[in-house]
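Report on the following structure.
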Amino acid sequence: MSVRPKKHLGQHFLTDANIARNIANGLTGESYNQVLEIGPGMGMLTQFLLESENLVHVVEIDSESVSYLKQEYPELENRIIEGDFLKLDLASLFEKPVAIIGNFPYNISSQIVFKTLEHRNLIPEFVGMFQKEVAERICEKPGSKTYGILSVLVQAFYETEYLFNVSRFVFQPPPKVASGVLRLRRKEDYQLPCDEKLLFKVVKTAFQQRRKTLRNSLKSFQISANLKEDTIFGQRPEQLGVSDFVRLTKMIAHDTLSA
């Protein structure tokens, strides 16, 4: 039995076992003993995860792949979740820390990251394959044109590490772009000293008009004229690191309370 890759699910099955092993080896196994693989398909990565000491769970939206996994990997037993990762209630499924890993469908990869950030108290580590451009953006540092919303918000809570490139020709069918694998390791202090919801809003609003200075891009926050005189408002969003955005968020919150 084999599974036909489905275009509407963004399926591109990895065919190179060495690369799959390298992705699995990206997990450090520190501070957790269970793993959730997103979109295992025919289990190319799953087979190497099962060699580790971690308890492996998989979530798969494709019923044909689920049938295949049940047949080929009986050791997964009741740990195959048929459904959409983005709709899973992770807190009810996992009481203890769980690492996330996968060769992600490119059309939902950013949403997978945002869901991980929402559940960061549960997810100490994350290893994933993305479109190369997205993986690079997540790991990018301030000052670059590709540094953006994902860069700031991920780096606020996780240490990012770009592990290696993956050719488009090791997939069936080959995607149109190259891929990249990264590792995120949660920071020890992953609670920020500011209103985190406001931080997300400030970062997203700032980068929606990234060519403008913050004085102009953040007009919707109705910042007082006095506060706008601070030099930070003369900068563009890509010039600010995480700590700068935290400071900016605290300034805006205080300004709102004082109004």
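What to note about this one:
- Net length gained if the chain between Lys87 and Asn216 were fully extended (0.36 nm per residue, minus Cα distance): 42.8 nm
- Between Thr28 and Lys96, the contour length at 0.36 nm per residue exceeds the Cα-Cα span by 22.8 nm.
- Diffusion constant of the range 140-259 at 20 °C, which comes from Stokes-Einstein with the Kirkwood Cα-pair radius and 1.002 mPa s, µm²/s: 134
- Straightening the chain between Arg21 and Gln239 buys 74.7 nm, computed as 0.36 nm per residue apart minus the Cα-Cα spacing.
- Whole-percent carbon and sulfur share, accessible surface of the range 3-155, 1.4 Å: 46
- Within the chain, percent of DSSP bridges classed antiparallel, to nearest 5: 50
- Note that the range 231-240 has calculated 3J(HN,Hα) couplings of 4, 4, 6, x, 9, 9, x, 6, 7, 9 Hz, one per residue in order, obtained from phi through the Karplus relation 6.51 cos²θ - 1.76 cosθ + 1.60 (θ = phi - 60°); glycine and proline are x.
- Only lysines eight or more places from Lys145 in sequence, or on another chain, were considered; those with a Cα closer than 19 Å are Lys132, Lys204, Lys212.
- Kirkwood's formula applied to the C-alpha pairs of the range 35-119 gives a hydrodynamic radius of 13.1 angstrom.
- Calculated FRET efficiency, Gln47 to Thr231, Cβ-Cβ distance, R0 = 51 Å: about 0.40 to the nearest 0.05.
- Take the range 1-109 with all the other protein chains still there, run a 1.4 Å probe, and you get 50 Å² of accessible area per residue.
- Cα centre as origin, Lys/Arg/Asp/Glu Cβ charges: the range 26-128 dipole, Debye: 280
- Note on Ser167 and Lys187: with the Förster distance fixed at 35 Å, the Cβ-Cβ geometry gives a FRET efficiency of about 0.65.
- Within the chain: Cβ-based charge dipole about Cα centre, in debye rounded to nearest 20 (Lys, Arg +1; Asp, Glu -1): 1380
- Helix-only mean residue ellipticity at 222 nm for the chain, each DSSP H run of n ≥ 4 adding -39500 (n - 2.57), per residue, nearest 500: -9500 deg cm²/dmol
- Look at the alpha carbon pairs under 8 Å that are at least 6 residues apart: their mean separation over the length of the chain gives a relative contact order of 17 percent.
- Stokes-Einstein D (µm²/s) once Rh is taken as the Kirkwood radius of the chain over alpha-carbon pairs, at 25 °C in 0.890 mPa s: 125
- Residue with peak Gaussian network fluctuation, the chain [Cα springs, cutoff 10 Å], from Asp89, Asp16, Asp62: Asp89
- Toward the positive end of the charge dipole of the range 183-259, with +1 on the Cβ of Lys and Arg and -1 on the Cβ of Asp and Glu, the farthest Cα among Phe221, Phe207, Tyr190 is that of Phe207.
The values are calculated or read from the model by the stated rules, or taken from the named source; none is laboratory data. Small disclaimer: the values here were computed from a predicted structure and weren't measured. Positions of Cβ are backbone-derived with ideal geometry, glycine not excepted, and every protein chain shown enters the neighbour counts. All accessible areas refer to the heavy atoms of the entire protein, side chains included, with ligands and DNA or RNA removed. Shrake-Rupley method; radii C 1.70, N 1.55, O 1.52, S 1.80 Å.
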